[in-house]
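Here's the structure we're looking at; comments come further down.
The values are calculated or read from the model by the stated rules, or taken from the named source; none is laboratory data. Small disclaimer: the values here were computed from a predicted structure and weren't measured. No Cβ is skipped: glycine too gets one built from the backbone with ideal geometry, and neighbour counts run over all protein chains shown.
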Amino acid sequence: MPESNKDEFAKLLNRRLDLRGQSGRELARQLQVHPSTVARWRNGETLPENVETIQLLLHLLGVRDREERQAFYDAAGYLVRERAEPGEALPALSSLPQPAAPVLPTKRESARPIGQSLWSSLLALAGLALVAALFLWQIGPNSREASETPPLATSTPGAATLCGESARRAAPPANRFLRTEGVSAYTGQNTDGLVLNDSVRSLAIDSRGLWIGYFPPPAGVGHYDGAAWADCTGGLDFPVTKVNAIVIDGAGWVWAGTESDGVALFDGTAWRQFTTANGLPSAGIFGLTLQKGANGEERVWAATWEGAARFDGDRWSVPYSVHNGTLVNNHIHDIEFDGAGNVWIAYVNQGISQFDGEGGRWIHYKRDGGSIGGDEMRAILVRPAGIGGNEDEPESVWFASGDGGVSRYQQGAWTVYTTSAGLPSLNVINLALDSQGRVWAATEGGDAFFDGSVWQTRTRLPTRAIAFGPVCAACPFDADDVWTGTDGSGVAHSGLPLPEPVIDLLGVALPAVVAPGQPFRPEITVAPRSPYRLKPGDLLAHIDEADDLRFGAWPHLAVTQIVEPGQPFTFTDYDLPFIAPNLSDGETERTFTSAWRLWMDNRYVGPVIPITFTVAAPE
């Protein structure tokens, strides 16, 4: 076993990154590791955990020279010998077969020589897990005086914890890329149980990472900082279940609203619980809202089963309820405050109430009044004026309903959006606003964003929450990161959709008619538009749900070079062509279509590219 040399590995890595003009953060995104991991490699502090990671690294860095590859292996302390027959090139990793559900192995110290019989040896000895990694990576916060009233958790964590966890566990290197959806899914299975539950109710992101509210069983609040996962509430002496909402205030305190356990609060030192004993009208919390004052002060509000509650520093009070004549129903799902001084209440099944800040009166809206799309309200979002590149755009208030899509209030007028406007479902559960000013909807039928005219569906995963990273260069996640909480697929991630158009499709070349069993090689030519470019790590991916619709071809075709704006690049595969399918008995011809899409910098871009051909029986 060679002796490792961290400094030499760092020198090789930095040289290669400099040659390619590639940043460490970009490489970390492609590897699906935290940026600090790559930074430690570059500083000579640590080495990659296993040989598979190095092999993937070499592919991403475009290291084809065998002597340079060997230098990386030697510096990392791995005995790997890659050999090729005379005149035979080592195969690109992207050309290896893709297993259905591979998982990367844990670190191993044994040497693994790569033999001369390339295809069989690579498959048997390098492991299908390596190939899985390639496909999966691509596609794959203060102090404040504490209230003495609520009971505290039995233990106070050390200062090193982020969320009160007893331990943090490093994230496994694998995730599950859902190529039909264009997201990487982190589930209980592919994180070795670090994702507590595949049903996620709520999400929030700050400079410390992703906060996750789970639906039982198991339940509670979890945290992911891009490198490790934590169960934040698993060791408390009070329950935290069915986490419907998470908000983070300006001091970095994390508030979690639960469906039956009141409000849980992490103040940076310990978790505490607020219930009816602390003034809440009900332990059933459906929404949490931060009200920000003109001078930057904040108040936390809770939408409960018995009215709207406000935290006053020590206890909760109930300013709005049926009992004081302000609400028409106590069962509320959300509360918001707009820039005009209006208070908005979303009822569980009685529509919307608005306190008119100018007129000093309450106005009630219901579906049968013709103004809103549904009565089963779920969430409210205030979209500030002048964002999204349009300084003249007035403020608007958006409402998600479980029975009528999305309703928008702007300058006294209502607009209702349903599936006819592109929403994937009428059952809309949550709303969010991205850094480009676009409104997003989490629905039973997937997530979608409003492009100014219609809703653009991004995924078809049943979605309950959407969160975006902050504008922060040194944070685990930034404004380019989209995280969704799904019902069944855990938490999912991709890059933020880019403003289209991003690429031009220059052409799809293939025979129009082929015989059954005939091999043929489609050529898809694209060119990125300025300011975008293609680079190694980007690819053309097959997106049909049925694998047989790729007709024997690889599930993706890789970009092998830097492609500048306007420069054409052709995707094709000389090793594994399409094979025309056989026709059924009695058929003389049949037309087939295979759907593909460009994956660029951790997201799908551009239109779906159909590859259509006709199979005709010989005469």
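For segment 599-619, which residues satisfy the criterion of being part of a loop (DSSP other than H, G, I, E, B), crowded, with 18+ Cβ neighbours inside 10 Å and among the hydrophobic types (A, V, I, L, M, F, W, C)?
Within segment 599-619, just MET600 meets the criteria.
What is the residue count in segment 569-598 for residues that are within 18 Å of ARG521 (Cα to Cα) and either assigned to a loop (DSSP other than H, G, I, E, B) or hydroxyl-bearing (Ser, Thr, Tyr) (or both)?
Result for segment 569-598: 13.
For the subset of segment 542-572 comprising residues that are in contact with a helix residue (DSSP H, G or I) (Cβ under 8 Å, 6 or more places away or on another chain) and not aromatic (Phe, Trp, Tyr), which member is surrounded by the most Cβ atoms within 10 Å (Cβ to Cβ)? First the steps, then the outcome.
Initially, segment 542-572 is screened for residues in contact with a helix residue (DSSP H, G or I) (Cβ under 8 Å, 6 or more places away or on another chain), giving 542, 544, 554-558, 562.
Retained after the next criterion (residues that are not aromatic (Phe, Trp, Tyr)): 542, 544, 555-558, 562.
Values: HIS542: 21, ASP544: 16, PRO555: 19, HIS556: 24, LEU557: 22, ALA558: 20, ILE562: 15.
The qualifying residue surrounded by the most Cβ atoms within 10 Å (Cβ to Cβ) is HIS556.
If you take just the helices (runs of 4 or more DSSP H) that sit entirely in segment 22-80, which of them hold at least 2 residues that are closer than 23 Å to SER207 by Cα? Please lay out each step first, then the result.
Details: elements: 24-31, 35-42, 51-60, 66-76.
In segment 22-80, 24-31, 35-42 are the helices (runs of 4 or more DSSP H) which contain 2 or more residues that are closer than 23 Å to SER207 by Cα.
Can you pull out every residue in segment 324-378 that is among the small types (Gly, Ala, Ser) and either on the phi < 0 side of the Ramachandran plot or not in a loop (DSSP other than H, G, I, E, B) (or both)? Full working, then the answer.
Step one: list which residues in segment 324-378 are among the small types (Gly, Ala, Ser), which gives 325, 339-341, 346, 351, 353, 357, 359-360, 369-371, 373-374.
Result: GLY339, ALA340, ALA346, SER353, GLY357, GLY359, GLY369, SER371, GLY373, GLY374.
Restricting segment 204-216 to residues that are surrounded by fewer than 23 Cβ atoms within 10 Å (Cβ to Cβ) and in contact with a Lys or Arg (Cβ under 9 Å, 6 or more places away or on another chain), which is modelled with the highest pLDDT?
Going through segment 204-216, the residues surrounded by fewer than 23 Cβ atoms within 10 Å (Cβ to Cβ) turn out to be 204, 206-208, 215-216.
Filter once more, so that each one left must be in contact with a Lys or Arg (Cβ under 9 Å, 6 or more places away or on another chain): 215-216.
Numbers: PHE215: 90, PRO216: 83.
Filtering first and then ranking leaves PHE215.
I'd like the full set of residues that are more than 21 Å from the chain's Cα centre (by Cα), outside any loop (DSSP other than H, G, I, E, B) and buried (at least 17 other Cβ atoms within 10 Å of the Cβ), limited to segment 415-435.
Result: VAL416, TYR417.
Could you list, in sequence order, the residues of segment 444-478 that are among the aliphatic types (A, V, I, L, M), closer than 18 Å to LEU210 by Cβ and at pLDDT 95 or above? I'd like the intermediate steps shown before the answer.
Our first condition is that a residue be among the aliphatic types (A, V, I, L, M); within segment 444-478, this holds for 448, 454, 461, 465-467, 471, 473-474.
Right, trim to closer than 18 Å to LEU210 by Cβ and you get 461, 465-467, 471, 473-474.
LEU461, ALA465, ILE466, ALA467, listed by residue number.
Let me confirm something: among LEU17, LEU47, LEU57, which residue is modelled with pLDDT under 90, closer than 25 Å to ARG176 by Cα, of a type in the set (A, V, I, L, M, F, W, C) and under 32 Å from the mean Cα position of the chain (by Cα)? So that I can check it myself, show each step before the final result.
Numbers: LEU17 fails: closer than 25 Å to ARG176 by Cα; LEU47 fails: modelled with pLDDT under 90.
Sole residue among the options that is modelled with pLDDT under 90, closer than 25 Å to ARG176 by Cα, of a type in the set (A, V, I, L, M, F, W, C) and under 32 Å from the mean Cα position of the chain (by Cα): LEU57.
Let me confirm something: among ASP544, ASP601, which residue is acidic (Asp, Glu), within 29 Å of the chain's Cα centre (by Cα) and modelled with pLDDT under 95? Give the derivation first.
Numbers: ASP544 fails: modelled with pLDDT under 95.
So the residue among ASP544, ASP601 that is acidic (Asp, Glu), within 29 Å of the chain's Cα centre (by Cα) and modelled with pLDDT under 95 is ASP601.
Could you please tell me which pairs satisfy a Cβ distance under 9 Å, a separation of 6+ or placement on different chains, a first residue in segment 606-619 that is at positive phi, and a second residue that is part of a strand (DSSP E or B) and surrounded by 13 or more Cβ atoms within 10 Å (Cβ to Cβ)?
Close Cβ pairs satisfying both conditions: GLY606/ILE503; GLY606/ASP504; GLY606/LEU505; GLY606/VAL526; GLY606/ARG597; GLY606/LEU598.
Run down THR191, THR161 and say which single residue is modelled with pLDDT of 50 or more and either within 17 Å of the chain's Cα centre (by Cα) or over 30 Å from GLY262 (Cα atoms) (or both). Walk me through how you get there before you give the answer.
Details: THR161 fails: either within 17 Å of the chain's Cα centre (by Cα) or over 30 Å from GLY262 (Cα atoms) (or both).
Only one candidate passes the filter, namely THR191.
Does ILE285 qualify as being at pLDDT 95 or above and touching a His at 6+ places or on another chain (Cβ under 8 Å)? Even if it seems obvious, please write down each step before you answer.
Working: at pLDDT 95 or above: yes; touching a His at 6+ places or on another chain (Cβ under 8 Å): no.
Against the criterion (at pLDDT 95 or above and touching a His at 6+ places or on another chain (Cβ under 8 Å)), ILE285 does not qualify.
Got a sec? Which strands (runs of 3 or more DSSP E) wholly within segment 458-549 have at least 1 residues that are over 21 Å from PHE571 (Cα atoms)?
On the way: elements: 463-468, 481-486, 491-495, 503-509, 523-528, 539-542.
The strands (runs of 3 or more DSSP E) meeting that bar are 463-468, 481-486, 491-495.
Please pick out the residue among ALA219, ALA264, ALA245 that is modelled with pLDDT under 95, in contact with a strand residue (DSSP E or B) (Cβ under 9 Å, 6 or more places away or on another chain), under 24 Å from VAL348 (Cβ atoms) and of a type in the set (Gly, Ala, Ser). If you could, list the steps in order and put the result at the bottom.
Details: ALA264 fails: modelled with pLDDT under 95; ALA245 fails: modelled with pLDDT under 95.
Testing whether each residue is modelled with pLDDT under 95, in contact with a strand residue (DSSP E or B) (Cβ under 9 Å, 6 or more places away or on another chain), under 24 Å from VAL348 (Cβ atoms) and of a type in the set (Gly, Ala, Ser) leaves just ALA219.
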